[in-house]
Amino acid sequence: MPSQYSLLKESWVMILMYTLALIMIFVLTFHLLLVSPLTGKSFDETLSYSFVVHNLTYYRIVFGLLLYAAVIHGMNGLRIILLEWIHPKRAQWAINLVIIALIAVLLAIGTYTLIVV
Amino acid sequence: MSSEEQEKGYKSGLIRSLNPKGFNLERYTYMLHRITGVILALYLIAHIFEIYHVGLAVLNNNPQIWYSTLAELSSLGILEQIGLWIVAGSALYHGANGLRLILNEVFGMLLGKPVLPEYPYSPTSLSRPQKAAVYIITAVVVALWIWAGLYLLAGLGVI
């Protein structure tokens, strides 16, 4: 295996970013279609309690996939931007830690929501 | 430029990176990809907390919890719709441009053939197919963004 692909190198993180982006192209499009005029409902009607609960229950796996892909891709994207602007080692270490904590909190809240609905 | 001035320039990197003066087409798409990415990431955090209220409503068997969350958001008035419109545009652009970047960076498509650098060093990555892809993406995203705007305005009863 080439050295640039050693485990936990940023090159693997970038491959993960591309993979999650491709997954999101499909699941996010599906999510947007559920609140689009193609449902035959107005935007307000797509936010009704029964419709939202039905979607979250019926498409739980799709929304779970979207949750995990979006949180990891989005928060890692923020991390990359911050690391490019902030260079001191200690600050970069703190950024990594804060982003990992943020990912954990968001996934915990999102997963909890999908489980109880 | 003295080393002190260079250091000052380095420290103002954030501001300078957002100054579009002298950018080429690719650099504009790069800047827009980052800005829309930050918008989407911040919206994602808010959206997860918003949807959490659906869970609370189900758990307490009280749909009012969800409707009061919607009412709080509606109290922002037109700002809520404008915010959603910006998020919709960001998602459309970030997704479409992201697909182009995957074609570029993963599959090596739309890039010109590598050549020895010669003055004035015009980037081969800005080939005709690459420019065409950027223009097509922009046209499709703008069209869909206008459609999303009309849909959101219709929801407000404006049109």
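The values are calculated or read from the model by the stated rules, or taken from the named source; none is laboratory data. What you are looking at is a predicted structure, and each value in this text was computed from that prediction instead of being measured. Heads up, the Cβs are rebuilt from the backbone with ideal geometry, glycines too, and the neighbour counts pull from every protein chain shown.
Give me a count of the residues in segment B:107-145 that are under 30 Å from A:LEU34 (Cα atoms) and within 14 Å of another protein chain (Cβ to nearest Cβ).
Residues that pass the stated criteria total 5.
Criterion first (modelled with pLDDT of 95 or more, crowded, with 16+ Cβ neighbours inside 10 Å and out of contact with any Ser or Thr (no Cβ under 7 Å at 6 or more places or on another chain)) does B:ILE65 satisfy it?
When the stated conditions are applied, B:ILE65 passes them.
Go through segment A:108-117 residue by residue and tally those that are surrounded by 12 or more Cβ atoms within 10 Å (Cβ to Cβ) and more than 9 Å from chain B (Cβ to nearest Cβ).
Count: 1.
Is one or more of the residues making up segment A:105-113 over 15 Å from B:GLU50 (Cβ atoms) and not in a helix (DSSP H, G or I)?
No, that holds for no residue.
Scan segment B:101-117 and give yes if some residue there is touching a residue at least 40 places away in the same chain (Cβ under 8 Å) and either out of contact with any Cys (no Cβ under 9 Å at 6 or more places or on another chain) or not hydroxyl-bearing (Ser, Thr, Tyr) (or both), otherwise no.
Looking for residues that are touching a residue at least 40 places away in the same chain (Cβ under 8 Å) and either out of contact with any Cys (no Cβ under 9 Å at 6 or more places or on another chain) or not hydroxyl-bearing (Ser, Thr, Tyr) (or both), one finds at least one in segment B:101-117, hence yes.
Do you know which residues across segment A:42-59 are in contact (Cβ under 8 Å) with a residue 24 or more places away in the chain and surrounded by fewer than 18 Cβ atoms within 10 Å (Cβ to Cβ)?
Answer for segment A:42-59, where residues must be in contact (Cβ under 8 Å) with a residue 24 or more places away in the chain and surrounded by fewer than 18 Cβ atoms within 10 Å (Cβ to Cβ): A:VAL53, A:THR57, A:TYR59.
Applying the selection to segment B:32-42, what residues are under 20 Å from B:GLU80 (Cβ atoms) and either at the interface with chain A (Cβ under 9 Å from one of its Cβ atoms) or of a type in the set (A, V, I, L, M) (or both)?
Within segment B:32-42, B:VAL38, B:ILE39, B:LEU40, B:ALA41, B:LEU42 meet the criteria.
With the structure loaded, tell me whether A:VAL62 is buried (at least 16 other Cβ atoms within 10 Å of the Cβ) and within 12 Å of chain B (Cβ to nearest Cβ) or whether it fails that test.
no
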